Structures are given as C-alpha cells and as structure tokens.
Amino acid sequence: MQFIDLAAQQKRIRSQIETNIRKVLDHGRYIMGPEIEELEKKLADFCKAEYAVGVGSGTDALLMSLMALDIGAGDAVFTTDFTFIATAEVIQLTGARPVLVDIDPDTYNICPDALQEAVEAVVRQGKFRPRAVIPVDIFGQCADYPRLRKIAQKHQMRVIQDAAQSFGARIRGVPVGCQGDIAATSFFPAKPLGAYGDAGMVFTCDRDIYERLLSIRIHGMGTDKYENIRVGLNGRLDSIQAAVLLAKFSIFPEEIRLRQEVADRYTRGFGPAVKTPEIRKHNRSAWAQYSIEHPRRDLLIRELHKHGIPTAIYYKIPLHLQKVFRHLGYRPGDFPVSESVSHRILSLPMHPYLVSDDQDRIIELVNRY
Ligand SMILES: *Cc1c(COP(=O)(O)O)cnc(C)c1O
C-alpha cells in the first residue's frame, strides 16, 4: 500500500505528460517557455485570482511574497506554531522577527484569538512593527480568513496565505487565491497538485504586488533582465515542470472530488475513540492529508506498519521547540495546544486512488486498536 500513489495517477495521464514534455524538447525554451504563461492563466482562472506567478517552489513562493511587501529587519511576522519549517524559515531569512501563535484544537489552524493577543503583546513591547500574518491551511483546510483579515486590517497587517497544502480548497465557494492579500502554493510532488520536481505559484489580486513579484522572480529586474531595480532571486518555474502540471491539472478537479470521497469513507468508518478531522461548515478541504489523533499514537503506528500500512507524522516537533528558533526564547508549555497535538497526530494513506478494500483494512485496524 502507498501513502500517496503517484504511479496510479501517472498511468491515467502518461501519454499527455509525454506529449507535453516532448513539446518543450522541441521548442527548447527550458526557461520561461510558453508553458509558464499558459499554466499561470489556467490556474489564476481556477483560483479566481487576477494574477499568478509561477515560481521554483512553495518556499520561494512564501519568501518572494514577504519580499514583495518589503518585509525585513524591525518587522514582526506572525504565524502558526504548528506547520512545516518553511513557513517560519522564510520570515527569519528576510531579517524579520517570527512571532509564533497557538492553534485551534479542532482545525489545527492558527487561532484568531491567540493571534489578536500576540499582536497586542508585540505592539505593547514596541520592539517590532507588526507587518504580516502567514496563516497555514494545514492538511488542506483553509484557515479562518474572514476573521484573520479583520484582525490584520485593524493592525494594518497583510495576510500571506500559506496554501502549500490547500490548492483546490474553498471557503463558501471562494477558492484559495484571493482569500488574503497573497496566496503561496507548492507543487512539490506529494501536494494535492504535484509536479515531477520542485515548483510553486503565487496568486494575488493586487497589481502592485504582482509587478513586484515578476521583478523579484528574475533578480529584481526592471524593464529588462540586466537592469536591476531591487534585490530579487532566481525564483523561476521550469518549463518542463509547467508542462507536467498542465497535464496533471486536467484531472485535478476530479481528483479533489475523489479525495473528498476517501476522506468521507474514513470519517464514517472510524469509531468514537478516534479524533477525526473537523472541517468547518462552508469549508471544502483539498485533503492534502487525512490526520487523526490517537493517545497511543506511536504504538498504533507500529501496529499499522506491521500490517504494511504506511503512516506519517506532521508535525512531531512544534516550531517553538525547534533548535533553529531557540534564539526566539520560547519554552516548553508556551503553546499547549500545538504541543499536545504534536504528540497525538498521525496521517493515514490519502490519495485519489485509494481503493476501498485497502481503506477498510486501515479503518478496521485503527478501530480495533
Ligand atoms: C510543502 C510546504 C511548504 C514548502 O513547499 P516546497 O515546495 O517544498 O518548498 C511550505 N509550507 C507548508 C505548510 C508545506 O506543507
């Protein structure tokens, strides 16, 4: 059994992928080829965003978003304590101060009340200027953007959505794209929409931010590549990855529906002893992961592995306890919800091609345990 079955997906669209890659080999524009713009147009349309910028990875998408807002030394950027390291790493890279915030115990996304308190504390201290918040749509469910935007507006902060796991998700029918000021997504192979290598995209409805992103993507270029008006980087998406993504995107809406069916089957199957994911009313998750909480997680994992069922833990160490952030001065106990979840969470096999026999076996083993 696979944790994520990319081979089953490839079997469906292999010939389209080959055709698309062959086109790149024929035209030879490996950097900024026509596939980039075609993909940007299609995905912007899907996300109901005005603008899309294809980039080299989800990490670049986040870093470039902060750079586009001129965030740096003296600024405070708030984010969730329960996420992949990249979300907070990019804040540190700009020279800004990462400020961590505890999560909601049911959605695992940043807690708006805790954010409000954290912002007020930073304002009181007066050492750093609140500039932005990076909510993460953990496991594929959007954070509470309607509330987060209100808090951000009150403090003149921008909202950068870490949508690495949520491409394809919605709130009240509004897709990931312009739920905040900027959305940064990843096409790492294991994400809901994955390339065959590193890739990412930034979405925005703000023309000024869009133009900055285009410049930052190519070393801070001005009217041409060799006139440089700001510090940028090499943040480009490869033509070959865009070619792969165009083929994969053709079946993506169907795959999102299949993921939903798999998630529903899990949720219906598990007994009351298992804490299943809570999807808020009006939300549609992209189901990057199906994660449950279990008090004897490590023993359950051993049992599942004995039966050939792969699992993963996202995330074992909350950010405030990571060595790299020791200088921020956080201590064990500072973010009790995030800490407790990190001890109990585990993710089960989740992909559009999980067959019901395999899924029934997983459900039975977990319930029996
Ligand atoms: C995967 C991921 C990233 C980073 O994306 P890459 O494409 O691997 O750079 C950032 N944030 C979150 C929450 C992720 O899951």
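Only the coordinates and a few stated rules stand behind these numbers; no lab work does. If you're wondering where the values come from, they're calculated on a predicted model, not measured in any experiment. In this analysis, Cβ positions are derived from the backbone assuming ideal geometry, glycine residues included, and neighbour counts consider all displayed protein chains.
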Where the only charges are on Cβ atoms (+1 Lys, Arg; -1 Asp, Glu), what is the dipole of the chain about its Cα centre, to the nearest 20 debye? 340
What does the charge add up to near Gly54, with Lys and Arg as +1, Asp and Glu as -1, over the other residues with Cβ less than 13 Å from its Cβ? -3
Dividing the helical contributions, -39500 (n - 2.57) per DSSP H run of n ≥ 4, by the residues of the chain yields a 222 nm value, nearest 500 deg cm²/dmol, of -13000 deg cm²/dmol
Would you please give the residues with an amide H less than 5 Å from that of Tyr290, counting only those at least 5 places away or on a separate chain, with H modeled from the backbone geometry? Leu348
Over what distance in Å are the Cα centres of the range 223-265 and the range 175-221 separated? 8
Counting only residues 5 or more apart in sequence or on a different chain, those whose built amide H sits under 5 Å from that of Asn283 are Arg172
Within the chain, longest stretch clear of exposed GluC sites (Glu not before Pro) (DSSP loop, no more than 15 other Cβ within 10 Å): 51-226
Gyration tensor verdict on the range 2-106 (Cα atoms; rounded if a/c is under 1.5, prolate if a/b is larger than b/c, oblate otherwise): prolate
Given the pairs Lys11/Lys41; Lys11/Lys191; Lys41/Lys248; Lys11/Lys306; Lys191/Lys248; Lys191/Lys316, which are separated by over 21 angstrom at their Cα positions? Lys11/Lys41; Lys11/Lys306
Anyone know which of Gln322, Gln16, Gln165 comes out most mobile in the 10 Å Cα GNM of the chain? Gln322
Can you list residues whose amide H is under 5 Å from Val99's amide H, if they're 5+ apart or on another chain and H is modeled 1.01 Å from N? Val77, Phe78, Thr79
Residue span Asp106 to Arg331: 0.36 nm per residue of separation minus Cα-Cα distance leaves a gain in nm of 78.7 nm
Ranked by GNM mean-square fluctuation in the chain (Cα springs under 10 Å), the top entry among Arg268, Arg149, Arg280 is Arg268
Most fluctuating residue of Leu63, Leu213, Leu300 in a GNM of the chain with Cα springs under 10 Å: which is it? Leu300
Provide the per-residue ³J(HN,Hα) series for the range 34-47, in order, calculated from phi with Karplus coefficients 6.51, -1.76, 1.60 and θ = phi - 60°, each as a whole number of Hz, with x at glycine and proline positions. x, 4, 4, 5, 4, 5, 4, 4, 5, 6, 4, 4, 4, 8
For the chain: relative contact order, % (alpha-carbon pairs under 8 angstrom, 6 or more apart): 22
Taking a label point 7 Å from the Cα of Arg22 along Cα-to-Cβ, the residues of the range 239-256 whose backbone nitrogen sits under 18 Å from it are 240-241, 243-248
With no other cysteine's Cβ closer than 4.7 Å, which Cys residues of the chain count as lacking a disulfide-compatible partner? Cys47, Cys111, Cys142
When a/c is below 1.5 the answer is rounded, else prolate if a/b is larger than b/c, else oblate, so apply that to the chain with a ≥ b ≥ c taken from the square roots of the Cα gyration tensor eigenvalues. oblate
Can you compute the FRET efficiency between Ile313 and Lys11 using 1/(1 + (r/R0)^6), with r the Cβ-Cβ distance and R0 = 30 Å? Round to the nearest 0.05. 0.55
Can you spot the aspartates and glutamates whose alpha carbon is less than 13 Å from Lys127's alpha carbon? Ignore those fewer than 8 places along the same chain. Asp75
Quick note, the range 216-356: a/c under 1.5 would make it rounded; otherwise a/b > b/c is prolate and the rest oblate (a ≥ b ≥ c, C-alpha gyration tensor); here it is oblate
What is the extension gain from His219 to Thr267, computed as 0.36 nm multiplied by their sequence separation minus the C-alpha to C-alpha distance, in nm to one decimal? 12.6 nm
Can you tell me the dipole magnitude for the range 1-117 around its Cα centre, using point charges on the Cβ only (Lys, Arg +1; Asp, Glu -1), in Debye to the nearest 20? 820
